[in-house]
Each structure stands twice: as structure tokens, then as C-alpha cells.
Amino acid sequence: MTNSNQSLLEGLLPASVKWSALRLEEGAPVAFCFPEEAAAVEGAIEKRRLEYATGRQLAHALFEEFASAGHALSSGPLLAGSDRAPLWPAGLAGTITHTRGLCAAAVALASDLPSLGLDVEVTAPLKEKLWPSILTISERALLMGIGSRGALLSKVYFSAKESVYKTVSKQAGRVLEFQEVELSVSLVKGTFTARFLDAALAAQLPAVGGKWRVQRDFIATSAWPR
């Protein structure tokens, strides 16, 4: 594992958030911080074990940064709930993401941000056959209307929705469908806002927005309550 290009995530999250990212190299040794974390992915393929272990390594390093700043935090294993999302220590909110060749984690004090989402993807268009299941009718119309840029931006929409889901999943109490969220994306500012299409869901959840960035190898998006 080597350090990733830090410019991908630089400025993508609020200043109160600590984050870290690492390149993932196929065949790299898998090192777990706690035996309970190793047990959680026992029997999984090596790729999955490497991603899981690396995400936890990054998160634990960020925990230490908060502890060094004087915040009292639990230092136990970072396991997952029934929805596979990490169970963050009391007083912290966080997010872990990985794609082929990259893993990243971000952590904040819950008093600063009650939740946040981060997603990284390989820079490539979303397969067109997936558009109807990922994008709303309005989103598809917009992307088809801007020519070749729309193909790559389709992956930005996918990633941004993943970040939004991570931000609100705990409050929603269930896994949201892609079609339940519609995005307004600024191509100039590199930002987006989310709209929950179901009125009851919209009344239950906070307003959410975020940022996005496309580089040669990777796409990154972030989201948090506004």
C-alpha cells in the first residue's frame, strides 16, 4: 500500500473532518488491527479482506488523531452492524469507502457532524444499462442532453447517491433505493444537493449536500447534513 494522490480528497470534506486514503496494491499483505476485525471477514476472498483491513487501519489512525487532541475515545475493534455499515465509537461519525486500487476513510466528532458519507469510484462511465435503475427520469434527461460529458457524469451521480445514503442511512432506518433520491449537480462548483422524492422520507431526513471531483483514475464524492 502506498499513499494515494491526496489531491483527490483535498477540500472535499468540511474542515472539521479528518480523512486519509491509501492506494491498494493487489497481493499486498493483509494486516488487521484487532482479531475481531479479522474474524468478521474470515473466509472472504483476499480482495475483500484487504479492503476491510485497510479501511479499519485508516479509521483507527484517525481515531488516534482525535485522541491525541484530547478527545476520550474507545479504542476497540471497528465492527459492522446488520447493514454492514461500521459501528462508530460513541462521539464520532465516520465513513469508509473503497474501489479498485483505492481505500479512504473520514471521521468527525459527532458534535460537529452527526453523519457523513464518502465514496470513491474508478473513473469510467456508469454502464448505460444501469441508468434506469440508478438515475431518475429527470437525471437521465439532463445527462443525455449534455453529450459526451453526460456519460462520465453518470458515475458522479451514482457515487454521490452512495455518499448521500451513507449520510442518512441511520436516520432512515433502512437502505434507500437510488430512485428515492434526485440530485441537483453544479458542473461549475463541483457541488450537489440531494432531494428525497418521498414526502414522508423528506420530512424525516435532514437536507443533504456535498462535493464531487473527477481525476484521471478516480471519482470521489462526499456528503453531509446541511
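The values are calculated or read from the model by the stated rules, or taken from the named source; none is laboratory data. Values in this document were obtained by computation on a predicted structure and should not be read as measured data. Backbone-built Cβ (ideal geometry, glycine too); neighbour counts: all protein chains shown.
When the residues of segment 178-201 are narrowed to those that are surrounded by fewer than 17 Cβ atoms within 10 Å (Cβ to Cβ) and of a type in the set (Val, Ile, Thr), which ends up nearest to residue 126 (Cα to Cα)?
191
Being assigned to a helix (DSSP H, G or I), over 21 Å from the mean Cα position of the chain (by Cα) and of a type outside the set (A, V, I, L, M) is the filter here, so list the residues in segment 34-63 that pass it.
35, 36, 46
Considering only segment 132-177, state which residues are buried (at least 17 other Cβ atoms within 10 Å of the Cβ), over 22 Å from residue 190 (Cβ atoms) and not hydroxyl-bearing (Ser, Thr, Tyr).
Hit for segment 132-177 is 176, nothing else.
Tell me which of these residue 90 doesn't satisfy, since it passes every other one: (1) out of contact with any helix residue (DSSP H, G or I) (no Cβ under 8 Å at 6 or more places or on another chain); (2) in contact (Cβ under 8 Å) with a residue 40 or more places away in the chain; (3) not charged (D, E, K, R); (4) not assigned by TED's automatic domain parsing to the domain that holds residue 173.
(2)
Which residues, taken from segment 17-45, are loosely packed, with under 12 Cβ neighbours inside 10 Å and not aliphatic (A, V, I, L, M)?
Of everything in segment 17-45, those that are loosely packed, with under 12 Cβ neighbours inside 10 Å and not aliphatic (A, V, I, L, M) turn out to be 25, 26, 27, 29, 35, 42, 43.
Please indicate, with yes or no, whether at least one residue in segment 16-27 is within 20 Å of residue 223 (Cβ to Cβ), of a type in the set (A, V, I, L, M, F, W, C) and part of a loop (DSSP other than H, G, I, E, B).
Yes, segment 16-27 contains a residue that is within 20 Å of residue 223 (Cβ to Cβ), of a type in the set (A, V, I, L, M, F, W, C) and part of a loop (DSSP other than H, G, I, E, B).
Could you check, for segment 144-153, whether at least one of its residues is in contact with an Asp or Glu (Cβ under 9 Å, 6 or more places away or on another chain) and at negative phi? Walk me through how you get there before you give the answer.
Filtering segment 144-153 for residues in contact with an Asp or Glu (Cβ under 9 Å, 6 or more places away or on another chain) gives 151.
Narrowing further to those that are at negative phi: 151.
Scanning segment 144-153, I find at least one residue that is in contact with an Asp or Glu (Cβ under 9 Å, 6 or more places away or on another chain) and at negative phi, so the answer is yes.
Mind checking which residues of segment 82-95 are in a loop (DSSP other than H, G, I, E, B) and either in contact with a Lys or Arg (Cβ under 9 Å, 6 or more places away or on another chain) or within 10 Å of residue 107 (Cβ to Cβ) (or both)?
Matches in segment 82-95: 83, 85, 88, 89.
Identify, from the list 80, 72, the residue that is outside the structural domain of residue 170 (by TED's automatic domain parsing) and out of contact with any Pro (no Cβ under 9 Å at 6 or more places or on another chain). Before the answer, list the steps.
Working: 80 fails: out of contact with any Pro (no Cβ under 9 Å at 6 or more places or on another chain).
After ruling out the rest, the residue left standing is 72.
Restrict the check to segment 132-150 and report whether at least one residue is in a strand (DSSP E or B) and either of a type outside the set (Val, Ile, Thr) or outside the structural domain of residue 9 (by TED's automatic domain parsing) (or both).
Within segment 132-150 (the criterion being in a strand (DSSP E or B) and either of a type outside the set (Val, Ile, Thr) or outside the structural domain of residue 9 (by TED's automatic domain parsing) (or both)), the answer is no, since none of the residues qualifies.
What are the residues in segment 96-113 that are more than 19 Å from residue 164 (Cβ to Cβ) and not in a loop (DSSP other than H, G, I, E, B), if any?
102, 103, 109
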